[in-house]
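Encoded as structure tokens, the structure appears first; notes follow it.
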Amino acid sequence: MTITATPPDVPKTRLRALVVEPDAAVRLKVTGLLQRQGCEVHACEDFAGGGVLYDLQDIIVAAVNGDHSDLNGFVERVRATSGESQPFILGLTSGSAVNVPGSAVDFGMNDLLPWPVEAGRLATRISDIIRQRNAQPLPGMATGPYDGWASPASQVLLEQLPAAVAVVDEGMNYLAANQRWRKEFQLTGMQLIGQSHYSIFPDLHPAWRELYGRCLAGHRERSDDDLLVRSDGTQDWVRWDIQPWQDGHKKTGGLILACTVVSGDGRDKVRTAFEQNLAHSLLNSPAAPVVIVDTSGRILRANEAARKFSG
């Protein structure tokens, strides 16, 4: 059995951020600031895209323009669906003519930077937000059912969930798994309960073992744009979430593993965001010269490494 996905390559918990900004230059600048601070960033140009990409990110940077209706609807949805994991929402006014009637709190945001937004001030504010988020305690762990994960009631609950979900103990041995989990990972008909996750997936990248260890220590890890490659060669973009659960004595009992295939318009949005972030990383790489040319051979854009290479 070979199942691969992008192995997490992070030395510590990465904050996740979402940038919603119609101005491409501003969007690129804010994305770069967040990435240099170690954040995993997704960006889009409008609140419709933001609604698709929002998946419990820690930080949201959102444009505040003359029409507040889309902003209000987006913020209301975020606040209503985030539960204990409320993000820090920073508003950026998008021009000197924008009239902002009220404070950040009136918009459901945590802070609002007025126009003009000076680069140094923005960088400092983002650094402060990241420090605050890193200092916050994690939301309470999920608690295991009093009658155990293998009980009929627990099985019914797991089957009702819209995601592929499995539950393992501290030794990464399966306690429960719904049918979506078995189907997505091609495990239908296989005896899972009591089996080691590592024996089911013997080819896992070592980075996944490190991540599981961190989650067992109390951390939660998430990603919403990984490529899942199954043993038969089929592929899907997936969102995954790994979090610890605790027993009745408030001790870590194991992990809850969840995975959702992104389909339709959502898949297109995730793929677009992934490709935009990849292009941004390439163009800002100090080691790889990148030159973009048109069909006539004219140079449209070159990164700093290419300019140094050409002299």
* Asked: When only DSSP loop residues count, what GluC sites (Glu not before Pro) in segment 12-79 have their Cβ near at most 11 other Cβ atoms within 10 Å?
  -> none
* Structure fact -> Taking r as the C-beta separation of Ser151 and Arg209 and R0 as 22 Å, the FRET efficiency to the nearest 0.05 is 0.15
* To do: For each of Met190, Met172, count neighbouring Cβ atoms within 10 Å of the residue's Cβ, then give the residues from fewest to most.
  => Met190, Met172
* Structure fact -> Here the FRET efficiency for Val229 versus Glu118, based on Cβ atoms and R0 = 51 Å and rounded to 0.05, is 0.70
* Return the loop-located chymotrypsin sites (Phe, Trp or Tyr not before Pro) in segment 109-189 (DSSP other than H, G, I, E, B) with at most 13 other Cβ atoms within 10 Å of their own Cβ; answer none if there are none. => Tyr146
* Structure fact -> Computed ³J(HN,Hα) along segment 159-173: with the Karplus parameters 6.51/-1.76/1.60, θ = phi - 60°, integer Hz and x for glycine or proline, the list is 5, 7, 6, x, 10, 6, 9, 9, 10, 10, 8, 5, x, 6, 9
* Structure fact -> For segment 130-214, shape from the Cα gyration tensor axes a ≥ b ≥ c, cut at a/c of 1.5 then a/b versus b/c, turns out oblate
* Asked: Given H placed 1.01 Å from N in the peptide plane, which residues other than close sequence neighbours of Asp111 have an amide H under 5 Å from its amide H?
  -> Ile89, Gly91
* What number, in percent, do you get for the relative contact order of segment 166-259 if the mean sequence gap of Cα pairs under 8 Å and at least 6 apart is divided by its residue count? -> 29
* Please report the relative contact order for segment 130-215, taking Cα pairs under 8 Å with a sequence separation of at least 6, and give it as a percent rounded to a whole number. => 19
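Every number in this text was worked out from the coordinates using simple rules, so none of it is lab data. In this text, all values refer to a predicted model and were calculated from it rather than measured experimentally. For neighbour counting, all protein chains shown are included, and Cβ atoms are generated from backbone atoms with ideal geometry for every residue, glycine included.
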